[in-house]
Amino acid sequence: MDLFEHQGKEFFTSYGIPVSAGEVAFTAEEALEAASRIGTPVMVKAQVHTGGRGKAGGIKFAANQAEVHLHASNILGLDISGHVVERLWIEKAAEIAEEYYASFTLDRSAKKHLGMLSAQGGVEIETVAATNPTAIARIWVDPLDGLREAECRKWVTAANIPAAAAEGTVALLRKLYRAYTEGDADLVEVNPLVLTKSGLVQVLDAKVTLDANSEFRHPQYRQYDATQPRDEREQTAHAKGLQYVGLDGSVGVIANGAGLAMSTVDVVNQVGGSPANFLDIGGGANAEVMATALQVINNDPAVKAIFINIFGGITRGEEIANGIVEAVGRVQIDSPIVVRLDGTNAAQGRAILEPHLSEALLMQPTMLDAARRVVELAS
Amino acid sequence: MSIFVDEQTRVLYQGLTGSQGRYYGLLNRDYGTQVVAGTNPKKAGSNVDGVPIFADAAAAVEATGADASCIFVPAPAVRDAVMEAAQGGVKFIVAITEGVPAHDELYLFNALKRHYPDVLLLGPNCPGVISPGKCNIGITAGHIAKAGGPVGIVSRSGTLTYQALYELKTKDIGVTTCVGIGGDPVPGTSFIDCLRAFENDPETEAVMLIGEIGGSAEEQAAEFIKSHMSKPVAGYIAGVTAPPGKKMGHAGAIVSGGRGTAAAKIEALRDAGVQVGLNPTEAGEHMASIVADL
């Protein structure tokens, strides 16, 4: 789950990490009210799930209330790489002396937590990594040991953080590690981490990704579910508990299992088609979930043909075929459906489908044949 | 022979009294797996269709000599269940449960490595392992696999694993062992663990590797194949056309920051001499021609 900057800062605050005072605003008027409570000068910051906000004009300094109103009005509704700004974060402007970079993430190759720290902040870390790799100090942390203070000090020294900021940085990093681990984050990134002119080390921007699987430990994370970037189709599918990812083609895809669904998307592309979605209905593939999946796909006006690709494992071919027949009977489908059914008792399953076949419901023996047929029908 | 499990393996089911555990545990027993025990602290002394239930893994191991465990407990309980099995003396742990937090998986990997270095964890979020004709632990449909070899399979995806088993069966090719390592960010068992075991298994003469986008496990596997494997490998990578930044079902299946693309994985595998198919059928055909030339 990706958090907005302001959500990330609230998350940090709950672990005692210093951030600037701020408030959320959904209108220019709310921005004005927030700014009057906080006191100008303030920063007016677009809250979107994408980078490059500054370049796109989504972050502005406002010296007074008139500027707050002007910038808030301009930024609300702004399209930043396909994300339309609907909320702002109005924040006390910090007097910045220096900018650094800090993050923790999970290193899947090393099977450890990876901390990255650099005295060069405020620019994309990928750019620093490419142009000046030695400017990034890395630390690998065994979750059994945690981030020990002595190790953290060495790390801060290795990153060439100036003496004036060293103590504050060590303290902040230890809290950041705690937030990252106790909060079950996939990523916490502070860019920039700043030293203010008054000598305080604090967070200026926050990028936080939380692990949705950890919700049982953090029931409050459910609030972030509603602000995830999803298109309308994804929102509907998500509400129905389906594993759905919207794509921009014309072939609706339903498959059982994430790997097979991904593979189905690939094969449709390989034979010259363009998938409208990725949809994994899980191993069971019963009538209920099949009907729900067909409904979601049918609501997508871009869909011209539907590919149901099922491999029966424990679930037998007859059950899957009955599920398809029942689902097709229950939902009014506008596009032709091509079924590929293989695996356990596939022959029995195909025999059940046989009498129901028509121009609206077709069957093909292999994944490739079915992909070719469905792409023909969609074009 | 086979890797990790065979007809001697005695399996304990943590979560056998739950609906999923009972269903698959008894299916595994029907297949011929030695299902010797279950655990549930509240139901010790009872049984599930004749399989005795113990209070914990240690008691089950002591009474039945179980040397493997299969975990079906809910996600919040997986971390403790794995450590309980390791402490109880089990050497091979299969965690089927999906939805386990990544930090729990990272803890398990490091805790087992430090305190129980001889214990192997498969999963979490995996379909399990099957040595056809001998032992099936997990949720794979046993009858879609032909026993005997010469091919070993290792896969990050469940249904694609079944697809691979099925493709080989329709070509009358047998399988020594098929391991589903799961699609999560920190799997207990890696491609390399399986490739090494297949390389050392005299009955496995060729290996089929099924990967997907995200992470760098396939690239690491390619390096291992290049430098350590004498046996031929065929492969397939799912997610060639997946858009960057979108998670495709598995927690680990995401292309982010230009890393973890299928193209990079395919190139690395081909560079290591792996015959990569662009769809599962093509990969199966590659394997058929490899087997024909053995």
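The values are calculated or read from the model by the stated rules, or taken from the named source; none is laboratory data. Fair warning: this is a prediction, and the values are worked out from it, not measured in the lab. Backbone-built Cβ (ideal geometry, glycine too); neighbour counts: all protein chains shown. These accessible areas exclude ligands, DNA and RNA; they are computed on the full protein's heavy atoms, side chains included. Shrake-Rupley method; radii C 1.70, N 1.55, O 1.52, S 1.80 Å.
Here the protein assembly as shown carries DSSP beta bridges of which approximately 50% are antiparallel, counting only pairs with both residues inside.
Jot down the per residue volume, in cubic angstrom and as a whole number, of the convex hull over the alpha-carbon atoms of the protein assembly as shown.
Considering the Cα atoms of the protein assembly as shown, their hull volume per residue is 161 Å³.
When chain B is modelled as a GNM with alpha-carbon springs shorter than 10 Å, which of B:S131, B:S19, B:S69 fluctuates the most? Ranking B:S131, B:S19, B:S69 by mean-square fluctuation puts B:S19 first. Computed over chain A, relative contact order equals 13 percent, with contacts defined as Cα pairs under 8 Å that lie 6+ residues apart. The phi-based Karplus calculation (6.51 cos²θ - 1.76 cosθ + 1.60; θ = phi - 60°) puts the 3J(HN,Hα) values of segment A:125-134 at 5, 4, 5, 4, 4, 7, 8, 8, x, 6 Hz, whole numbers, x for Gly and Pro.
Less than 5 angstrom separates the built amide H of B:Q34 from those of B:V11, all sequence-distant by 5 or more or on a different chain.
Nearest 100 Å², what total accessible surface is buried between chain B and chain A (probe 1.4 Å)?
For B against A, buried area totals roughly 4100 Å².
Considering only C-alpha atoms, what is the centroid distance from segment A:269-304 to segment A:96-136, in Å? So the separation of the two Cα centres works out to 40 Å.
Average accessible surface for the protein assembly as shown: 38 Å² per residue, computed with a 1.4 Å probe over protein heavy atoms with every protein chain in place.
Counting Cβ atoms of other protein chains within 10 Å of each Cβ in A:307-320 and taking the mean gives 3.
Distances between placed amide hydrogens fall under 5 Å for A:D186 paired with A:T209, A:L210, A:D211, all partners being 5 or more residues away or on another chain.
At a threshold of 8 angstrom on Cα-Cα distance, excluding pairs fewer than six apart, so keeping six or more, what relative contact order does segment A:232-378 reach in percent?
Relative contact order of segment A:232-378: 25 percent.
Computed from Cα positions, the angle between helix A:317-330 and the longest principal axis of chain A comes to roughly 80 degrees. Mean per-residue shielding of peptide A:249-259 is 5, counting Cβ atoms of other chains within 10 Å of each Cβ. Just to confirm my numbers, what's the Cα centroid distance between segment A:9-82 and segment A:243-267 in Å? Taking the Cα centre of each part, segment A:9-82 and segment A:243-267 sit 38 Å apart.
Accessible-area loss of 20 Å² or more (1.4 Å probe, protein heavy atoms, chain alone versus all protein chains) is found in segment A:87-128 for A:L106, A:R108, A:S109, A:K111, A:K112, A:H113. Once the Cα atoms are used to define both axes, helix B:102-115 deviates from the longest principal axis of chain B by about 70 degrees. With viscosity 1.306 mPa s and temperature 10 °C, the Kirkwood radius over alpha carbon pairs of chain A converts through Stokes-Einstein to a diffusion coefficient of 67 µm²/s. Listed cross-link partners B:K113/B:K246; A:K111/B:K91; B:K113/B:K146; B:K134/B:K231; A:K55/A:K111 are compared with a 26 Å cut-off, the Cα-Cα value being larger for B:K113/B:K246; B:K113/B:K146; A:K55/A:K111. Here's the list of lysines a cross-link from B:K226 could span, going by alpha-carbon distance under 16 Å and ignoring same-chain residues fewer than 8 apart: B:K265. Here the average projected area of the convex hull drawn through the C-alpha atoms of chain B stands at 14.0 nm².
Ranked from largest to smallest solvent-accessible area, with a 1.4 Å probe on the protein heavy atoms, B:Y107, B:Y24 come out as B:Y107, B:Y24. With the cut-off at under 13 Å, measuring from each backbone N in segment A:1-21 to a point 7 Å along the Cα-to-Cβ line of A:H238 picks out A:1-4. A:M116 contributes about 30 Å² of solvent-accessible surface, heavy atoms of the protein only, 1.4 Å probe.
Here the Karplus curve 6.51 cos²θ - 1.76 cosθ + 1.60, taken at θ = phi - 60°, turns the phi angles of segment A:192-199 into couplings of x, 8, 10, 9, 7, 5, 8, x Hz, with x standing for Gly and Pro. Within straight-line reach of A:K92, meaning a Cα separation under 17 Å, sit the following lysines at least 8 residues removed in sequence or on another chain: A:K9, A:K45, A:K60, A:K197.
If a paramagnetic tag sat 7 Å from the Cα of A:A97 along the Cα-Cβ line, which residues of segment A:168-203 would have the backbone N under 14 Å from that point? Within reach of a label on A:A97: A:168-169, A:194-202. Of the solvent-accessible surface of the protein assembly as shown, computed with a 1.4 Å probe over protein heavy atoms with every protein chain present, carbon and sulfur atoms account for 50 percent.
Counts of other chain beta carbons within 10 angstrom of each beta carbon in peptide B:212-220 average 2. Only Cα pairs under 8 Å and 6+ residues apart enter the sum, and on that basis the relative contact order of segment B:141-293 stands at 24 percent. Which residues in segment A:308-347 have a backbone N closer than 11 Å to a point placed 7 Å from the Cα of A:S358 along the Cα-to-Cβ line? Inside the label zone: A:329, A:333.
Output the antiparallel fraction of DSSP beta bridges having both residues in chain A, as a percent to the nearest 5. Walk me through the numbers before you get to the answer.
Values: 49 of 67 bridges.
Among the beta bridges of chain A, antiparallel pairing accounts for roughly 75 percent.
Which residue, B:P52, B:Q20, B:I3, has the largest displacement toward the positive end of the dipole of segment B:1-77 when charges sit on each Cβ (Lys, Arg +1; Asp, Glu -1)? Toward the positive end, the furthest listed residue is B:Q20. What residues in segment A:265-281 lose 40 Å² or more of accessible surface when the other protein chains are added to their chain alone (1.4 Å probe)? The answer is A:D266, A:Q270.
Near B:V207, the amide H atoms lying under 5 Å from its own belong to B:G152, B:V233, B:A234; only residues 5 or more places off or on other chains count, and H is placed 1.01 Å from N. Here the Gaussian network model covers chain A, with springs between Cα atoms less than 10 Å apart; of A:A130, A:A346, A:A72, A:A130 fluctuates the most. For a straight C-alpha distance cut-off of 19 angstrom, the aspartates and glutamates reachable from B:K42 (same-chain residues fewer than eight places away being disregarded) are B:D56, B:E62, B:D80, B:E84. Between segment B:1-21 and segment A:188-241, how many Å separate their Cα centres? Spelled out, the Cα-based centre of one part sits 39 Å from the other.
In chain B, the longest principal axis of the Cα atoms and the axis of helix B:158-170 are about 70 degrees apart. When shorter helices are ignored and each DSSP H run of at least 4 residues is given -39500 (n - 2.57), the per-residue value for chain B at 222 nm works out to -11000 deg cm²/dmol. Extension gain for the segment A:E167 to A:A21, taken as residue separation times 0.36 nm less the Cα-Cα distance, is 50.3 nm to one decimal.
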